[in-house]
Amino acid sequence: MTILIPVLGDQLSHDLASLSNVDRSVAVVLMMEVAEETTYVRHHQRKIVLILSAMRHFAEELRSSGWRVDYVRLDDPDNSGSFSGEVKRAVDRHRAASIRVVEPGEWRVATAIASWESACGIPVDICPDDRFICSTLEFQTWAQSRNALTIEYFYRDMRRKTGLLMTADGKPEGGTWNLDKQNRASPESGVTYPVPMPFPPDAITSEVMTLVAERFGGHFGRLENFALPVTVSQARRALAHFIDAALSDFGTYQDAMVTGEDWLFHSWLSPAINLGLLTPLEVATAAADAYAAGKVPLNSAEGFIRQVIGWREYVRGYYWLEMPEVAEANALNATRPLPEFYWTGETEMVCMAEAVRNTRDHGYAHHIQRLMVLGNFAMLAGVRPQEVADWFLVAYVDAYEWVELPNVIGMSQHADGGRLATKPYAGGGAYINRMSDHCVRCGYDVKQKTGPDACPFNALYWDFLARHEHRFRRNRRMIQMYANWDRMTPAAQDSYRTSAGAFLDALKPAASRWAR
Ligand code: FAD
Ligand code: DLZ
Ligand code: SF4
């Protein structure tokens, strides 16, 4: 009576629900490297290395703790190339009587799993993914009880649920829930930034790097200096290092951007959390413990914990609530193709070039680069949201659709019409200038409003507001911006629109070979 337990590439947790309360003597764990997953988009080369290497390490760890593991490698000649094909082959190979699997992170894969019962002719038990703090059902119930999906209220509920940064009498630590206002410092000179703990490739990772270079060498991104954690113990060391070396200043400089500084005080833990090497609760608890021990200030601990138990859980709930329609959402009717410089980094705009460089080299850019540079530009320029989403899914080593899509379609492109965020995250050059040191190095002049030498973000910003006036003018949070627009002379308004048009007309669209 063999039970087959498929463990997917982002389910690398030893206490995974499907591995709990199982008689190991009748269980076979199935892990599958399959072409469908490596190529449904043309993932960043580093992302494929990370996932396959972490999978191979995890399989070894399972074997040494007594599990029978059937591991199908990408270069196995009989590999059918898909999860469904490999599950069917494994059911036959092991004469399995049932399948047990944890719900997947993506709609696409959930649809495939739904077909396994009839395809294999045996029962399939789909376990909830209890690594998340909020189940999909709990989020649905929360969402049904309100008109707007306000993140702040969801976050407070998660604080209450976990007890993190809560006083004994149920109040938020420090008397306030959210210290974001303290977390907007501009970059200062003389600050020394820590670097994430490096984990140079071992034999397993090196072998995967060779495979990826051979098979996926034409994909976006660089492989050199790969140093991400690929095991649970490495991920825990990376977490401890972040808490000791960076968390203290995480809050203050959370929104800052500095040329040549790729991580600042960010944790770079999202790849390990999203793979399952760390749980969100363990990460958030480590931050709360550091605060309790007096090692880090409240604004940093709170800011970090909000991202992990607030935003991360929220976008996952939103994804399962809004799929599949949200994947095609395009509320602002944006139709422009993605510009080629998203792939090449070849642009005079230093902020964009830096964000693309960082992304190409590491599969990383921090939140403000993703939101207020790369995402902001695409939204202002009117790029089709699905092309933007494809780019983000390819470009980041932490990108899985459940987390990438809400952040792109909802948060950064406002393509869901404001379901996730009541106001678009739009900004002109002044915002980027305030939060970075990029503009002093840029050929464009951030102070100039229009014309060929002016920072393109300035004209694009006003052109965006003008284009979408009917939608945003009555938005309470945008009244001030339209008041400023109204105060301009018609000639000044025209000049913004002409400048934006000239800039957009000159953009080279991306070649289609990059994403899919
Ligand atoms: P830190 O700044 O150290 O933050 C700590 C942790 O909080 C992160 O590791 C992550 O687990 C969590 N977190 C923070 N913000 C978010 C958020 N908005 N949504 C979900 N989790 C969050 N994150 C991904 O994990 N995968 C993605 O594909 C992804 N795509 C994004 C696309 C866009 C357009 C935007 C604006 C954000 C995206 N994010 C994504 C969220 C965020 O940018 C990354 O989680 C973060 O940059 C990862 O780096 P870090 O670990 O150094 O984060
Ligand atoms: C992203 C990815 C890649 C590139 N390759 C694999 C793979 O070969 N095998 C696997 O199990 N998972 C892979 N993944 C991650 C999956 O796409 C991810 O587990 C599903 O989309 C569910 O979220
Ligand atoms: Fe970016 Fe404009 Fe600043 Fe150049 S001037 S770095 S384009 S914001």
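Looking at the square roots a ≥ b ≥ c of the eigenvalues of the Cα gyration tensor of the range 107-215, which shape do they give, rounded for a/c under 1.5, prolate if a/b is larger than b/c, or oblate?
Since a/c reaches 1.5 but b/c is at least a/b, the shape of the range 107-215 is classed as oblate.
Farthest toward the dipole's positive end in the range 298-371, which of ILE309, LEU298, THR359, given Cβ charges of +1 (Lys, Arg) and -1 (Asp, Glu) about the Cα centre?
It is LEU298, whose Cα lies furthest towards the positive end.
So what are the range 220-307's ellipsoid semi-axes, whole angstrom, largest first, if each one is the square root of 5 times an eigenvalue of the alpha-carbon gyration tensor?
22, 18, 10
For the range 376-439, give the magnitude of the charge dipole about the Cα centre (Cβ charges: +1 Lys/Arg, -1 Asp/Glu; no others), in debye to the nearest 20.
Rounded to the nearest 20 debye, it is 340 debye.
Let me confirm the definition first: pairs of Lys residues in the chain, 8 or more apart or on different chains, C-alpha distance under 23 Å. How many are there?
Lysine pair count for the chain: 6.
Out of all DSSP beta bridges with both ends in the chain, state the antiparallel percent to the nearest 5.
Rounded to the nearest five, the antiparallel share is 15 percent.
What percentage of all Cα-Cα pairs in the range 152-197 are separated by more than 14 Å?
Tail of P(r) above 14 Å: 64 percent of Cα pairs.
What percent of all Cα-Cα pairs in the range 426-481 falls in each 5 Å bin, counting up from 0?
4, 20, 25, 20, 14, 11, 5, 1
With the radius of gyration and the Kirkwood radius both derived from the Cα set of the range 383-478, what is their ratio Rg to Rh?
For the range 383-478, the value is 1.01.
So how long is each side of the range 34-183 along the principal axes, counting just the alpha-carbon atoms, biggest first, in Å?
Largest to smallest, the principal-axis extents are 60, 35, 34 Å.
For the chain, with the dipole built from +1 on Lys and Arg beta-carbon atoms and -1 on Asp and Glu ones, taken about the Cα centre, which of ALA17, TRP107, SER53 lies farthest toward the positive end?
It is TRP107, whose Cα lies furthest towards the positive end.
Going by average Cβ neighbours within 10 Å, how do the peptides 347-354, 454-461 rank, with the highest at the top?
Packing proxy ranking, top to bottom: 454-461, 347-354.
Calculate the length of the line joining the C-alpha centroid of the range 352-415 to that of the range 69-137, in whole Å.
30
Sorting check: for 83-89, 275-281, which peptide has the highest mean count of neighbouring beta carbons within 10 Å, and how do the rest follow?
275-281, 83-89
With angles folded into 0 to 90 degrees, how steeply does helix 203-216 sit against the dominant principal axis of the chain? Use alpha carbons for both and round to 10.
60
For Cα pairs less than 8 Å apart in space and 6+ apart in sequence, what is the mean separation divided by the residue count of the chain, i.e. the relative contact order in percent?
Dividing the mean separation by the residue count of the chain yields 17 percent.
What's log10 of I(q)/I(0) for the range 183-236 at q = 0.18, 0.27 Å⁻¹, Debye sum over Cα points only, no solvent?
-0.76, -1.11
Accessible area of ILE51, 1.4 Å probe, to the nearest 10 Å²?
We get 30 Å² for ILE51.
Given the rule -39500 (n - 2.57) for each run of at least 4 DSSP H residues, summed and divided by the residues of the chain, what is its mean residue ellipticity at 222 nm, to the nearest 500 deg cm²/dmol?
It lands at -12500 deg cm²/dmol.
Please list log₁₀ I(q)/I(0) at q = 0.12, 0.19, 0.29 Å⁻¹ for the range 370-433, using the Debye equation with identical point scatterers on the alpha-carbon positions.
The computed values of log10 I(q)/I(0) come out as -0.26, -0.65, -1.29.
Where nothing but the Cβ of Lys and Arg (+1) and of Asp and Glu (-1) is charged, how large is the charge dipole of the chain around its Cα centre, in debye to the nearest 20?
Charge dipole of the chain: 1140 debye, to the nearest 20.
In whole Å, how far is the Cα centre of the range 157-219 from that of the range 289-306?
That distance is 13 Å.
May I have the extent of the alpha carbons of the chain along their three principal axes, as whole Å values ordered from largest to smallest?
Answer, in whole Å and largest first: 78, 57, 46 Å.
Evaluate the charge dipole of the range 1-92 about its Cα centre and quote only its size in Debye, nearest 20, assuming +1 on the Cβ of each Lys and Arg and -1 on the Cβ of each Asp and Glu.
So the magnitude is around 160 debye.
Counting alpha carbon pairs within less than 8 Å and at least 6 residues apart, what relative contact order, in whole percent, applies to the range 1-82?
Relative contact order of the range 1-82: 39 percent.
The values are calculated or read from the model by the stated rules, or taken from the named source; none is laboratory data. This structure is a prediction, so every number in the text was calculated from the model and none was measured. Glycine also receives a Cβ, built like all others from the backbone with ideal geometry; neighbour counts cover every protein chain displayed. When the accessible area is computed, the model is the full protein with side chains, heavy atoms only, and any ligands, DNA or RNA have been set aside. Shrake-Rupley method; radii C 1.70, N 1.55, O 1.52, S 1.80 Å.
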